[in-house]
Amino acid sequence: MLTVHHLENSRSQRILWLLEELGVDYEIRHYKRDPETSLAPPELTKIHPLGKSPVITDDGVTVAESGAIVEYLVGKYDNGTLLPAEGSPERLAYTYWLHYAEGSFMPLMILSLIMSRIETAPMPFFVKPIAKGIVAKVRNGYLDPNVTRNLAFMESSLEGRNWFVGDTLTAADIQMSFAVEAAEVRTDLATHYPNLKGYLERMRARPAYKKALEKGGPYKLMGKD
């Protein structure tokens, strides 16, 4: 039996969605974050040395990293519905978005979360102005311009289409789902990025997405009230 080692409120939720779209039988082992640090529990290091999620085990094989898991599962279980044909323009776009999610956009979201935590962290009063000044420089000089540029790029890429590769859902969209949900935490998509908002609505309306949520349990991204 294929097993998903599922950490609450994490990227592993999209792996559950992918498996539901593929119609693959699987089991879930649930893991809770540390209530103080929000980090994954040490039990995950028994599955993979880095102790992070997502990670799956399948027929004695352990696969970590979202992109690697997506490629593994699609390569083994897809019947041609979630992977564009080899050599087609859609396949190239598929490969791009599959890697863009974690390679380009999510590092910005992680940095944004870190900056927010620094701003709200308890510290001596005489240090706080210095910390806030450093955060402001990082935000204004690097983070905010790059986030805006990437959001505008994603928004324009969805113009006139339902999904990132076209009008048909692919596994690249499932990989991108966490990135767009992270963007939703940061900004008002409905006001500023209606194409991204529509993408989320279509995604969340899919029966497989809903079933994955039911199986995965409560799901709330860090930084979201």
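The values are calculated or read from the model by the stated rules, or taken from the named source; none is laboratory data. Everything numeric in this text was worked out from a predicted model, so none of it was measured. No Cβ is skipped: glycine too gets one built from the backbone with ideal geometry, and neighbour counts run over all protein chains shown. Heads up: the accessible areas ignore ligands, DNA and RNA and are worked out on the full protein's heavy atoms, side chains in. Shrake-Rupley method; radii C 1.70, N 1.55, O 1.52, S 1.80 Å.
Of note:
- Note on residue 168 and residue 116: the model spin-label points, each 7 Å out from Cα along the C-beta direction, lie 3.7 nm apart.
- A protection proxy built from the mean count of other Cβ atoms within 10 Å ranks the segments 72-81, 99-108, 3-12, most packed first, as 3-12, 99-108, 72-81.
- Here the Gaussian network model covers the chain, with springs between Cα atoms less than 10 Å apart; of 205, 40, 183, 205 fluctuates the most.
- Relative contact order of region 1-122: 21 percent, from C-alpha pairs under 8 Å at least 6 residues apart in sequence.
- Computed on the chain, with alpha-carbon pairs under 8 angstrom and 6+ residues apart, the relative contact order is 25 percent.
- For residue 50, neighbours were defined as the other residues whose beta-carbon sits under 15 Å from its Cβ, and their charges (Lys and Arg +1, Asp and Glu -1) total 0.
- The stretch between residue 106 and residue 59, if pulled fully straight at 0.36 nm per residue, gains 13.9 nm over its current Cα-Cα span.
- Magnitude of the charge dipole for the chain, about its Cα centre and with charges confined to Cβ atoms of Lys, Arg (+1) and Asp, Glu (-1), is about 800 debye.
- Partners of residue 128 within straight-line reach, counting aspartates and glutamates whose Cα lies under 12 Å from its Cα and excluding those fewer than 8 residues away in the same chain: 119.
- Considering only alpha-carbon pairs that sit under 8 angstrom and 6 or more positions apart, the relative contact order computed for region 126-205 is 27 percent.
- In straight-distance terms, cross-link reach from residue 32 covers every one of the lysines whose alpha-carbon lies under 16 Å from its own, apart from those fewer than eight places away in the same chain; here that gives 46, 52, 215, 220.
- With all projection directions averaged, the alpha carbon convex hull of the chain covers 13.6 nm².
- The aspartates and glutamates within cross-link reach of residue 76, meaning a Cα-to-Cα straight distance under 14 Å and a gap of 8 or more places when in the same chain, are 21, 25, 58, 59.
- Rolling a 1.4 Å probe across all protein chains gives residue 47 an accessible area of roughly 40 Å².
- Accessible area of residue 91 in the full protein assembly, 1.4 Å probe (Å², nearest 10): 50 Å²
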